[in-house]
Amino acid sequence: MESWLRGPAYNCSGPCPTRLHSICHCRGVEAADISAPTFGGRQNRTGHQSVGTQRAVRRMATHFVLNTGAKIPSVGLGTWQSDNGLVGDAVYAAVKAGYRHIDCAQAYNNEKEVGFGLKKVLDEGIVKREDLFITSKLWNTNHAPEDVPVALDGTLKNLQTDYVDLYLAYSPLGSPGTMMVKAGAVLEHPVVVSAAEKLGKTPAQVALRWGIQMGHSVLPKSTDEERIRANFDVYDWSIPDELFAKFSEIEQEKLIRAGFFVDPEGVFKSIEEFWDGEI
Ligand SMILES: NC(=O)c1ccc[n+]([C@@H]2O[C@H](COP(=O)([O-])OP(=O)(O)OC[C@H]3O[C@@H](n4cnc5c(N)ncnc54)[C@H](OP(=O)(O)O)[C@@H]3O)[C@@H](O)[C@H]2O)c1
């Protein structure tokens with residue numbers, strides 16, 4: 001059952017409802033969330049990391065080590081909304097450019113073509129399977145234990161691989177803590193644009209590098225070969241402390257309000273109740 005999962009067994013702290021131990025709703029893997037690198041360090045009240053942590057991130061930013069011991073590369077190619085007809089070439093271009101992490105999902109309706117791209121890089125000997133970190137995801141409607149292996153088998157078949165490195169279960173809610181920049185596109189935000197100008201980088205590179213320095217594995221989606229390459233050029237430079245600090249001034253808001261969970265007759269009678277007043 002778990003032969004598709006490489007590396008050490010996951011250490012669920014409670015019964016795993018699906019018995020697929022890399023699924024993110026198992027507590028053992030929650031702790032291995034991609035935003036939880038092992039080098040430690042404290043976050044300040046704004047959720048930003050201490051200078052010591054930032055320095056540590058800078059020293060070892062190419063991957064993070066999960067609590068399972070698996071290494072997740074800090075930059076992965078996003079494939080959501082990548083069109084069939086383009087995504088296979090995007091995967092090929094990304095791996096050639098140095099990406100070793102591909103973020104997929106059955107729900108993106110393009111895993112079969114992602115699989116063609118993966119097969120090509122493997123057939124051409126550009127990388128070996130074990131050099132890649134492939135993520136896929138279980139869609140909401142497949143959470144019943146009997147549905148999980150069927151969904152996973154479909155994904156493995158489409159990706160032309162016999163295991164994935166990470167299999168995440170979609171939650172209907174997403175992460176309650178998920179934030180986004182308030183009012184406006186990230187790449188046009190003055191803090192990002194100004195840092196990019198000072199560092200001689202593009203706003204996209206600065207945004208991605210900020211994510212890595214925060215300890216997150218970032219997943220830029222692109223089907224444009226030039227942007228795919230540029231998005232990977234985030235390793236031999238870093239955002240210095242004084243510029244990095246400016247990012248904590250960017251106002252954020254919750255990515256989802258979860259209004260669909262509010263019902264005057266239900267458990268949560270208002271948005272404020274759902275979020276414990278933190279909205
Ligand atoms: N957002 C979510 O809710 C979500 C949920 C689960 C997983 N993910 C994963 O995360 C990945 C990223 O998702 P995202 O929504 O955050 O998208 P994103 O990667 O922030 O943005 C993608 C958009 O940015 C453009 N782009 C890429 N590189 C660029 C650059 N250097 N300069 C300017 N524009 C650039 C892309 O166009 P081109 O393709 O034309 O370059 C595309 O239109 C997804 O593909 C998926 O794998 C996302």
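Please treat every number below as a calculation from the coordinates, not as lab data. All of these numbers come straight from a predicted model, not from anything done at the bench. With ideal geometry, Cβ positions are generated from the backbone for all residues, glycine too; neighbour counts draw on all protein chains shown.
Just a few scattered comments:
- Amide H to amide H distances under 5 Å link Lys221 with Gly78, where only residues 5 or more positions off or on other chains count and H is placed in the peptide plane.
- By the count of other C-beta atoms within 10 Å, a proxy for reagent exposure, Ser222, Ser74 are ordered fewest to most as Ser222, Ser74.
- Of all lysines in the structure, those lying under 28 Å Cα to Cα from Lys198, and not within fewer than 8 positions of it along the same chain, are Lys182, Lys221, Lys246.
- Hydrodynamic radius of the range 193-279 by the Kirkwood approach over all distinct alpha-carbon pairs: 15.8 Å.
- Cross-link pairs beyond the 21 Å C-alpha cut-off, checked among Lys96/Lys128; Lys120/Lys201; Lys128/Lys157; Lys71/Lys201: Lys120/Lys201; Lys71/Lys201
- Size descriptor, Kirkwood hydrodynamic radius, that averages inverse alpha-carbon separations across the range 63-169, Å: 13.9 Å
- Ordered by the count of other Cβ atoms within 10 Å of each Cβ, fewest first, Tyr167, Tyr92 give Tyr92, Tyr167.
- A cut-off of 5 Å between modelled amide H atoms, ignoring neighbours fewer than 5 places along the same chain, links Gln252 with Lys182.
- Ordering Ile126, Ile102 by the number of other Cβ atoms within 10 Å of each residue's own Cβ, fewest first, gives Ile126, Ile102.
- Centre-to-centre, using Cα atoms only, the range 232-279 and the range 72-123 are separated by 28 Å.
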